[in-house]
Each structure stands twice: as structure tokens, then as C-alpha cells.
Amino acid sequence: MLPYLGYFAAIFIGLSLGIMGGGGSILTVPVLVYLMGVSPVLSTAYSLFVVGSTSVVGASGYFRKGLVSLKTAVVFLVPSLLAVFAVRKLLMPAIPPELFTVGSIVFTKDLLVLVAFALLMVVAATSMIRSQQAEMVLDEALHHQQVFNYPLILGIGLVVGTLTGFVGAGGGFLIIPALVLGARLPMKLAVGTSLAIIALNSLIGFAGDLSAGTPIAWSFLLGFLAFALVGIVLGTYLARFVPGAKLKPAFGWFTLAMGTFILTKELLFHHP
């Protein structure tokens with residue numbers, strides 16, 4: 001029963017991406033772990049492929065409309081791609097299966113990934129819940145004179161690349177403010193550029209897994225991706241009638257609940 005729910009959830013992930021232009025991909029790892037029975041570390045690799053492929057679809061639509069800033073994307077991607085590839089190729093394989101013990105909890109590599117991911121979900125959820133207020137602040141920032149802030153964009157690129165590599169999530173909630181504040185991009189241009197960055201980041205990270213010899217169940221992975229793409233097509237159509245901005249706070253609360261559930265389950269009811 002759970003695998004069927006997992007494929008249904010893949011459609012939901014694509015649906016949310018199509019309607020809101022982001023956010024849904026953060027559910028990919030929990031769906032793979034808790035509904036499809038994939039190990040947490042392998043789930044981050046699969047998530048990179050799913051997030052990267054779905055973001056390519058999303059970014060292509062923005063690119064056709066001229067809503068991708070190539071200059072900004074290149075500056076952001078230089079440190080980000082180096083970080084994500086290094087994390088997947090070098091850091092992840094080097095982390096030992098068991099790290100340390102706190103009381104009765106043995107912190108394994110899988111547990112570390114899940115806890116880090118759940119914390120990221122909480123931060124991302126807070127960003128989505130406060131999205132309307134945050135977007136107003138970002139829009140106001142555009143009225144002030146700013147230069148193209150290379151140090152900020154390079155620094156955030158490094159952080160996002162590291163996070164993407166470690167937990168397999170896109171990090172759009174960090175990328176978009178960096179693009180607006182650091183490169184003075186309008187919100188729509190920032191969203192399109194963010195999707196292009198997430199697509200390349202995620203697929204390069206997945207390439208790091210392939211080069212490190214991570215075993216990939218291609219038939220399963222492509223099947224999961226197919227359901228997510230069905231969701232994106234449906235979501236892109238529904239976006240004409242459903243305002244994504246109004247859905248984002250509600251989705252944020254759902255993501256917050258999921259992150260809290262993972263932390264509670266893994267830290268309070270964890271069985272090694």
C-alpha cells in the first residue's frame with residue numbers, strides 16, 4: 001500500500017512545483033524514505049535526480065519567457081557546483097556508518113541526514129509561511145540603490161551547494177532572497193533563475209553520486225520521476241486558476257508538520 005501512496009505523493013510533489021514554482025521538492029526525501037522504503041542516504045541521491053529533472057521542466061518555461069538571468073546564474077553556480085559535486089563525490093562516501101552516541105541514540109550516517117533534512121524543512125517552512133511578508137521586504141529592497149553583490153552571491157552559492165549536496169534539496173528559499181538582494185532581480189526573474197540554478201546544481205550533484213559508484217535502481221527512479229512530471233504538467237495548467245502565493249503558507253504549515261514529525265520520530269522514538 002505504501003509504495004502506491006509514494007507514487008501518489010510524487011504527483012503531489014510535481015503538482016506543488018507546477019503551481020508554486022518551488023517548495024514541493026523538499027518532500028521528495030521523506031516520501032522516498034517513509035513511503036518507498038529507500039535508505040536516507042540513497043534517497044538524497046534519488047532526490048537530486050528528481051529535483052533536477054523537474055526543475056529543468058520548470059526552468060525551461062521561464063527561459064522561453066526571458067525570465068532567467070544567465071549572468072547571475074553563472075556567478076552563483078561557480079562555487080555552488082564545486083561544492084555540491086565535492087560533497088556528493090568526496091564527503092558523503094567518507095562519512096562513516098556510525099558517528100557517535102547520545103544517550104540511547106546511536107547517530108548513524110542515515111540518522112544524521114534525516115535530522116539535517118528535517119531541520120532544513122523547518123527553516124524552509126518558516127520561509128513559506130512568511131512568504132508574502134518576505135516578498136514585500138524583498139520588493140522594497142529593489143528600490144534602494146545596490147551594486148551587483150558578488151561576495152553575497154558567491155557566498156550563498158557555496159552554502160546552497162553544500163546543503164544541496166548533503167540533503168538532496170534545491171534550496172530555493174535561500175537562493176531567491178540572495179538573487180533579489182544580491183543581484184537586484186525582480187521576483188519573477190529571481191524565481192526563473194533559481195529554478196535554472198537548482199536544476200544544474202541537483203543534476204551535477206547526482207553526477208557526483210554516479211562517479212562515486214552509488215548504485216541506482218533506474219527503473220524505479222524513472223518511474224517515480226514520471227509521476228512527478230505528470231504532477232508538474234497538471235500543476236502548470238492549474239496555476240492559471242489557482243494563485244500559488246495563497247497556497248504557499250498552507251504548504252509551509254504542512255512542511256513544518258512533516259519536519260517536526262521526522263525530528264520526533266527519529267530522535268525520540270529512534271530504534272537503531
Accessible area (Å², 1.4 Å probe, nearest 10) - THR236: 80
Cα→Cβ-extended label distance, 7 Å offset, between TYR150 and THR126, nm: 3.2
Nearest-ten-degree value, helix 218-238 long axis tilted from longest Cα axis of the chain: 40
Simple label model, 7 Å out from Cα along Cβ direction - ALA94 to VAL74, nm: 3.1
Virtual spin-label span in nm between SER104 and VAL242, 7 Å along Cα→Cβ: 4.2
Carbon plus sulfur fraction of accessible area for the chain, probe 1.4 Å, in percent: 73
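Send over a whole-number figure in Å² for the accessible area per residue of the chain, probe 1.4 Å.
Dividing the accessible area of the chain by its residue count gives 47 Å².
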Theoretical ellipticity at 222 nm over the chain - DSSP helices of four or more residues, -39500 (n - 2.57) apiece, nearest 500: -25000 deg cm²/dmol
Cα long-axis angle, helix 150-167 against the chain (0 to 90 degrees, to the nearest 10): 30
Span from the the stretch 189-229 Cα centroid across to the the stretch 66-97 one, whole angstrom: 12
Cross-link table LYS71/LYS246; LYS89/LYS248; LYS188/LYS246; LYS89/LYS109, entries beyond 24 Å C-alpha to C-alpha: LYS71/LYS246; LYS89/LYS248
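Can you give the longest run of the chain that contains no trypsin sites (Lys or Arg not before Pro) sitting in a DSSP loop with at most 12 other Cβ atoms inside 10 Å?
Looking at the chain, 66-239 is the longest stretch - no exposed trypsin sites (Lys or Arg not before Pro) with at most 12 other Cβ atoms within 10 Å.
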Between helix 109-129 and the chain: long-axis angle, C-alpha atoms, 0 to 90°, nearest 10: 30
Solvent-accessible surface ranking, highest first, for MET258, MET128 at 1.4 angstrom: MET258, MET128
Alpha carbon Rg of the chain, scaled by the compact-globule rule 2.2 N^0.38 Å: 0.97
Difference of contour (0.36 nm per residue) and Cα-Cα distance, PHE269 to SER219: 14.7 nm
For the stretch 159-272, alpha-carbon Rg relative to the globular expectation (2.2 N^0.38 Å, N residues): 1.28
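The values are calculated or read from the model by the stated rules, or taken from the named source; none is laboratory data. Because the structure is predicted, anything quoted here is derived from the model rather than measured. Here the Cβ is made from the backbone with ideal geometry for all residues, glycine too, and neighbour counts use every protein chain on show. Accessible surface is based on the protein model in full, side chains and every heavy atom, while ligands, DNA and RNA are left aside. Shrake-Rupley method; radii C 1.70, N 1.55, O 1.52, S 1.80 Å.
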